[in-house]
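**Student:** I have a structure here, written as structure tokens, and I will follow up with some questions on it.
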Ligand code: UDP
Ligand code: MG
């Protein structure tokens, strides 16, 4: 399998509860390398552009407000099959469906406030990484 990069976000519900280190340990324990990382505060409009694909869904407004409700940690994870591996470590979108030991099973508060974002495909990952990072900020 090829070495890939994927975009991860530690969401405001998790940064508020001081879980950045515990979540990063899950990534590193799974063999994912954090090759870029920064803590930022999004505006609802910036969150809206990031989640544009969901703009027709009923939860879009709430999602954008939530993503702007506190700091997020945006990061690039690198490794063999990083996109799928990260999704595995994250667990299902709804924590009720997330497998034991996954980030969302352990830390998520609800289907909306579910602690982490991860890109869903290599093509999406490239677009999402470029939204937050310049090439100079990626140090593999
Ligand atoms: N979301 C929500 N309600 C839903 C489905 C999703 O609030 O019924 C939020 C949740 O924060 C989720 C994000 O919208 O992580 C993006 O949804 P997606 O289906 O892409 O899930 P993910 O890829 O994050 O697992
Ligand atoms: Mg998604």
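A short reminder: the numbers here are calculations on the coordinates, not readings from a lab. These figures come from a predicted structure and were not determined experimentally. As a convention, Cβ positions derive from the backbone with ideal geometry for all residues, glycine included, and neighbour counts pool all protein chains shown.
**Student:** 7 Å from Cα along Cα→Cβ at both residue 65 and residue 126: what's the point-to-point distance in nm?
**Tutor:** Spacing of the two 7 Å Cα→Cβ label points: 3.7 nm.
**Student:** I would also like to ask the following. Cut-off is 10 Å between beta-carbons; in what order do 11, 22 appear when sorted fewest neighbours first?
**Tutor:** Numbers: 11 26, 22 14.
By the 10 Å Cβ count, ascending: 22, 11.
**Student:** How far, in nm, would the chain grow between residue 88 and residue 3 when pulled straight, counting 0.36 nm per residue and subtracting the alpha carbon separation? Could the numbers behind the result be given before it?
**Tutor:** Working: separation 85, 0.36 × 85 = 30.60 nm, distance 1.62 nm.
Going from the current span to full extension adds 29.0 nm.
**Student:** Sum -39500 (n - 2.57) across every DSSP H segment of at least 4 residues in the chain, then divide by the residue count to get the 222 nm mean residue ellipticity, nearest 500. Walk me through the numbers on the way to the answer.
**Tutor:** Working: 7 runs with 55 residues, N = 140.
That calculation yields -10500 deg cm²/dmol at 222 nm.
**Student:** Starting from the Cα gyration tensor of the stretch 1-58, take the square roots of the eigenvalues, sort them a ≥ b ≥ c, and report rounded, prolate or oblate (rounded when a/c is under 1.5, otherwise prolate if a/b is larger than b/c, else oblate). Before the final figure, lay out each step's value.
**Tutor:** Numbers: a/c = 2.27, a/b = 1.40, b/c = 1.63.
Oblate, because a/c is 1.5 or more while a/b does not exceed b/c.
**Student:** Next question, about the same structure. With every atom except the alpha carbons ignored, what do you get for Rg and Dmax of the chain, in angstroms?
**Tutor:** Computed over the Cα atoms of the chain, radius of gyration and Dmax are 13.9, 39 Å.
**Student:** Another one. Which distance in Å, rounded to a whole number, links the C-alpha centroids of the stretch 27-62 and the stretch 66-140?
**Tutor:** After rounding, the separation between the Cα centres reads 8 Å.
**Student:** While we're here: With bins 5 Å wide starting at 0, give me the P(r) of the stretch 59-140 over every alpha carbon pair, in whole percents.
**Tutor:** For the stretch 59-140, the binned pair fractions read 3, 14, 20, 23, 23, 12, 4, 1 percent.
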